[in-house]
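Accompanying notes for the structure given below.
The values are calculated or read from the model by the stated rules, or taken from the named source; none is laboratory data. As the structure is a computational prediction, the values presented were derived from the model and not from experiment. Please note: Cβ atoms are built from the backbone with ideal geometry, for glycine as well, and neighbour counts cover all protein chains shown.
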Amino acid sequence: MDYIKAINDYKQLQGHSALQLRAVLFDMDGVLFDSMPFHADAWSKVMTDAGFNFTREDVYMNEGRTGADTINTASMAQFGKPATQELIDHLCKKKCKIFDTYPPTPRMQGSIELVQKVKACGLTPMIVTGSGTPTLLDRIQSNFPSLFDENHIISSFNVKRGKPYPDPYLLALERGGLKPNEAIVVENAPLGVTAGVAAGLFTVAVNTGLLKDEVLSNAGASLVYPAMQALCDDWEQLFSILK
Ligand code: CA
């Protein structure tokens with residue numbers, strides 16, 4: 001992996017003279033938790049039943065959008081008009097109902113080890129997610145005990161505009177008292193990568209889904225790893241270059 005080129009390209013694009021790493025901003029679904037296969041099953045079923053052409057790949061392409069945004073984007077593309085509020089409410093409810101029948105989502109392999117390594121390096125780990133389930137904080141604290149400060153978890157409760165807008169990442173920088181060149185992002189979805197890059201951050205993609213690597217690099221990812229475990233295994237080397 002050409003780290004030096006990736007860092008030089010980033011510095012040139014964003015106009016920074018150096019990276020001075022102080023924090024790592026982790027996305028949640030598909031990064032810390034292996035939850036995307038369940039989301040893909042539930043969304044593709046609900047949308048297909050409602051008459052949309054909507055594959056599991058479409059779910060990964062839309063990952064990061066709110067439910068309403070996902071439905072509207074599909075409706076505009078296929079029927080040339082936004083969905084009614086009634087349809088949006090109905091489909092979101094149905095999707096949640098299906099999702100709730102699945103077992104609790106496991107941690108992504110390598111994720112807790114990576115967060116522990118990040119902390120051991122003296123860096124602050126933070127979470128930036130578009131999710132907004134009421135049990136979010138409990139789930140994080142029980143799966144990643146004592147690793148994330150509550151104030152360092154940004155969810156859809158905290159911002160009006162979610163990914164692909166940079167707002168959630170900008171709020172994370174503000175909460176952490178960080179400049180854009182003092183943090184990196186770990187994301188698995190193209191829209192999440194877009195959000196991180198738009199906030200001026202060096203963005204590392206982990207391709208834990210079924211999209212091609214190019215989709216993530218075309219969205220602006222500086223580096224693409226095949227899995228969280230691969231990033232975890234490579235962390236010492238990456239950190240030695242990033243700090
Ligand atoms: Ca994600």
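A few comments on the model shown:
- For LYS45, the criteria (1) crowded, with 16+ Cβ neighbours inside 10 Å; (2) out of contact with any strand residue (DSSP E or B) (no Cβ under 7 Å at 6 or more places or on another chain); (3) among the charged types (D, E, K, R) hold in every case but one, which is (1).
- Qualifying positions in the range 1-37 - assigned to a loop (DSSP other than H, G, I, E, B) and touching an Asp or Glu at 6+ places or on another chain (Cβ under 9 Å): MET1, LEU19, GLN20, LEU21, ARG22, ASP27, GLY30, VAL31, SER35
- All positions within the range 12-40 that are among the small types (Gly, Ala, Ser) and either within 16 Å of the ligand (Cβ to nearest atom) or touching a strand residue (DSSP E or B) at 6+ places or on another chain (Cβ under 9 Å) (or both): ALA23, GLY30, SER35, ALA40
- Some residue of the range 60-72 being surrounded by 16 or more Cβ atoms within 10 Å (Cβ to Cβ), at pLDDT below 95, part of a loop (DSSP other than H, G, I, E, B) and of a type outside the set (Val, Ile, Thr): yes
- With respect to (1) modelled with pLDDT of 95 or more; (2) more than 16 Å from LEU25 (Cβ to Cβ); (3) of a type in the set (A, V, I, L, M), the lone exception for LEU210 is condition (1).
A quick yes/no check of all residues on (1) in a loop (DSSP other than H, G, I, E, B); (2) touching a helix residue (DSSP H, G or I) at 6+ places or on another chain (Cβ under 6 Å); (3) at pLDDT 95 or above:
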{"site": "ILE127", "(1), (2), (3)": "no, no, yes"}
{"site": "SER131", "(1), (2), (3)": "yes, no, no"}
{"site": "ASP138", "(1), (2), (3)": "no, no, no"}
{"site": "SER156", "(1), (2), (3)": "yes, no, no"}
{"site": "ARG161", "(1), (2), (3)": "yes, yes, no"}
{"site": "TYR169", "(1), (2), (3)": "no, yes, yes"}
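- One residue stands out among those in the range 169-196 that are within 16 Å of the ligand (Cβ to nearest atom) and over 12 Å from the mean Cα position of the chain (by Cα): the one that is nearest to LEU223 (Cα to Cα), which is ILE184.
- Only listed residue being part of a loop (DSSP other than H, G, I, E, B), of a type in the set (Lys, Arg) and not assigned by TED's automatic domain parsing to the domain that holds CYS232, chosen from LYS94, LYS81, LYS45: LYS81
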